[in-house]
1. Which of the residues that make up region 33-55 are surrounded by 16 or more Cβ atoms within 10 Å (Cβ to Cβ) and hydrophobic (A, V, I, L, M, F, W, C)?
2. For a quick check of your reading of the model, give me the residue pairs whose first member lies in region 43-54 and is outside any strand (DSSP E or B), whose second is among the hydroxyl-bearing types (S, T, Y) and modelled with pLDDT of 90 or more, with beta-carbon atoms closer than 7 Å and at least 6 apart or on different chains.
Amino acid sequence: MSDAEPQDLAAAQRLTTAEVMALARISRATLWRRVASGRLPTPIDHGRQSLFARLAVIAALTKEPVPMSHTLETERRLAALRRRRHKGG
């Protein structure tokens, strides 16, 4: 074993495509769209496997805004309509 710092080990950790998909809760197609658009870091090809730098993926995911759920937005719109109807009638 080497005398590597724990921080150096964390920087060297890699995630597989499946691990990134699970971490981000996205499909394979969405993962590659985000890589192509620059929203996720480019992986390092390791033979037949694509490996992502763990810290870079986490940094990219924390910078990205969390999209509002469509059902939540729908509920807000319905509540606003109910309030307008209640005031008018």
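The values are calculated or read from the model by the stated rules, or taken from the named source; none is laboratory data. As the structure is a prediction and not an experimental result, all values here were calculated from the model. Ideal geometry is used to build each Cβ from the backbone, glycine not excepted, and the neighbour counts take in all protein chains shown.
1. From region 33-55, those surrounded by 16 or more Cβ atoms within 10 Å (Cβ to Cβ) are 34-35, 40-41, 43, 50-54; that's our starting set.
Residues satisfying the conditions are V35, L40, L51, F52, A53.
2. What qualifies is P43/S50.
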